[in-house]
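All of the numbers you see were taken from the coordinates with simple rules; none came from a lab. What you see is a predicted model, and the numbers here were worked out from it, not measured in a lab. Cβ placement follows ideal geometry from the backbone for every residue including glycine, while neighbour counts extend to all protein chains displayed.
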Amino acid sequence: MIGFVIIVTALLIFSCDNRNQNSPKLSADKSTVRLIIRATIADKDLVYGSVYRTSTSRAFTITDFRYYLSKVVAIREDGSPVPARCSVLLVDPGCRNYDLGYLPAGSYKGLRFIVGLDSAVNHGDPTVFEAGNPLAIQTPSMHWDWNSGYLFMKIEGKVDTTRRGSAAPTTEFFYHIGMDRMKRAIELPVKFSVGKSSGTTIPIKFDVAAMLGCVDLQSEISTHSFDNLPLATRIADRWQSSFSVDQ
Amino acid sequence: MKRLDRHIWIALSATMAALIFLLTCQHTWTIVDPGNWVIKLKTHPKFPYPPIPADNLPTANRIALGKKLFFDPILSRDSTISCGTCHNESKAFSDGLPKSKGIAGQTALRNAPSLINCAYLPNTMRDGGVPTLEQQVLAPISNPLEMGADVNNVVARLVAHPEYPALFRHAYGKPPSVYTLTRAIACYERTLLGTYSRYDRYLYDHDASALTPSERRGLLLFFGERGECFHCHGEYTFTDNSFKNIGLYLNYPDSGRARITLKAEDVGKFRVPSLRNVARTAPYMHDGSLPTLEAVIEHYNSGGKAHSNKSGLLKPMHLTPEEKLDLVAFLKSL
């Protein structure tokens, strides 16, 4: 009888298996370095729904603009790279502060990162990430469920596609840039120093108008990447020149 | 007597410790509920056991939850369509339509494939774009032409549902989430396994009477160098799961595998489908463009259209009318 009680007890204990073993969590390390990222049009903060004009005075609005920024590496004055702790950021105009984690004290002369995701992350299982993780399924989605890959950048809005183009924007346009080949390495010569105890912030900005300068908003109103590779490639090729240090 | 007292003390202490431990543990009573014991799937006796991810081993609770979800329209945006709408058990989990109907009367991109033996797929979808059954669950939910829903909103509905949260806890020890939702449905789908067909009785039991003379002639054509069918439709599920262009069109409106790989040589290639239960999965092809097995045989007999990616195995076969009937008869025995 006693033996039976002990066995049952042991079984009950072992039945309590490890939960969450498939739910990786990003570490919540206290950070000392933060990226401050602004999205701008004509040097003003991007505001969803505001009517903007292209260089040819065509009216358009932006309703969604998000992108993945990953593999951030800080470059020391001597050129040596220091990978940041954070693995993946989902950049959204609604949020400006992005923790990079700890960096060793010293002087730095630049940042390197990629817009997009490494192939392994891109084709990983998005369902294992808990809500709140940038790689979890977002609302609205940043994942192509039919080919198991993330949208590296999603930009959507409305545009007036009439010949004059100056009336209220009513035609929807969207550029969904993804698939491994659209990943772009970005280098930003931004000087900053990290103190021994106090943190630092690195202000950068992304000029949406500079990126859209390569698009004819009257006729080129959509790409899912796979169905219009030339347009998607042209937009991705603009990413480097759209980033700058925020003075 | 003293010794016995000591044993009782040890047992009591251990029991108390276990109880305290259990009360702090959300995954309580796993061992007590036989519904959480890992079970063995009832596979076809001659098939190997399918690969199953370690985090989603089948239990009665998981399968029951997945089945309930599979047939629940709660997964679609307007709550009108469930997985079972397009994967109907009476049609070997296909739907009999050339292309499936999504919410608001929309037409989906492709023909709904049978789910029988989906546990054996090395990847999913007709173009192989999604690696696992678990991840595949997301595709019809979010496809605007199919269920048109946001999976996070679907999860919110499940969390607010009077029954589902408890069922998820029983099955996975966790509340409804994108993770547990996709696990449960995939767990159920792996139980959709083929049965022992007349062809199996002929092959494995050496029961010559299991196939008619016409079916046996069809078998010889199928596995012979005139039919050449077995090169791609080999193996126990009658598919090698490769992607092939069979010359259906000169210009494919749906580029198929190339949609995933972006390679010109993959245009018009689609997964070679299993032929198990094929009599119940009409119409045929990725777009349901061939209504009957007779039409399928006619296509192969013609050798297909001269697309540059067409498989070299497709050549005019010059079958007699009797041979066509024999091949169709054989296919219906699978």
Chain B - mean residue ellipticity at 222 nm from DSSP helices (-39,500 (n - 2.57) per run, n ≥ 4, rounded to 500): -10000 deg cm²/dmol
The protein assembly as shown - Kirkwood radius from inverse mean 1/r over Cα pairs (Å): 27.7
The stretch B:150-239: equivalent-ellipsoid semi-axes (sqrt of 5 x gyration tensor eigenvalues, Cα, Å): 47, 16, 9
Count, lysine Cα pairs under 20 Å in the stretch B:198-331, 8 or more residues apart or across chains: 12
Order of A:Cys214, B:Cys187 - criterion: other Cβ atoms within 10 Å of each residue's Cβ, fewest first: A:Cys214, B:Cys187
Neighbouring partner chain Cβ atoms per residue of A:145-153, average, 10 Å criterion: 6
Residue mean of other protein chain beta carbons inside 10 Å, B:122-135: 3
Within chain A, longest stretch clear of exposed trypsin sites (Lys or Arg not before Pro) (DSSP loop, no more than 10 other Cβ within 10 Å): A:31-162
In nm, spacing of pseudo-spin labels at B:Ala156 and A:Arg164 (7 Å Cα→C-beta vector): 4.1
Loop-resident sites, the stretch B:187-254, for trypsin sites (Lys or Arg not before Pro), counting at most 15 other Cβ within 10 Å (DSSP): B:Arg226
Cut-off under 5 Å, modelled amide H: who pairs with A:Trp144 long-range: A:Gly149, A:Tyr150, A:Leu151
Of B:Met285, B:Met125, B:Met317, the one that fluctuates the most in a GNM where chain B has Cα springs shorter than 10 Å: B:Met317
Average other protein chain Cβ within 10 Å of Cβ, residues B:68-77: 0
Pairs from A:Lys44/A:Lys154; B:Lys42/B:Lys67; A:Lys154/A:Lys183 whose Cα-Cα separation, in the structure shown, is over 18 Å: A:Lys44/A:Lys154
0 to 90° range, to nearest 10: angle between helix B:2-23 axis and chain B longest Cα axis: 50
Amide H within-cut-off set for B:His233, under 5 Å, with H built and near neighbours excluded: none
Surrounding net charge for B:Ala184, when Lys and Arg each add one and Asp and Glu each subtract one, Cβ distance under 14 Å: +2
Sequence-distant residues sharing a close amide H with A:Leu46 (under 5 Å, placed H): A:Ala39, A:Thr40, A:Ile41
Between the stretch A:135-185 and the stretch A:194-233, the Cα center-to-center distance that results, in Å: 11
For chain B, the longest site-free run once GluC sites (Glu not before Pro) in DSSP loop states with at most 15 other Cβ atoms within 10 Å are removed: B:1-162
Between 0 and 90°, nearest 10: helix A:2-15 axis offset from chain A longest Cα axis: 10
For the stretch A:46-60, Karplus couplings with θ = phi - 60° (6.51, -1.76, 1.60), whole Hz, Gly/Pro x: 5, 10, 4, x, 5, 8, 10, 10, 6, 5, 9, 6, 7, 7, 8
Among A:Val88, A:Val115, A:Val47: highest mean-square fluctuation, GNM of chain A, C-alpha pairs under 10 Å: A:Val47
Most fluctuating residue given options B:Lys263, B:Lys91, B:Lys101, as computed from a GNM of chain B linking Cα atoms under 10 Å: B:Lys263
B:Tyr204, B:Tyr284, A:Tyr175 arranged by Cβ crowding within 10 Å, fewest neighbours leading: B:Tyr204, B:Tyr284, A:Tyr175
Which of B:His286, B:His161 has the fewest Cβ neighbours within 10 Å, and the rest in rising order: B:His161, B:His286
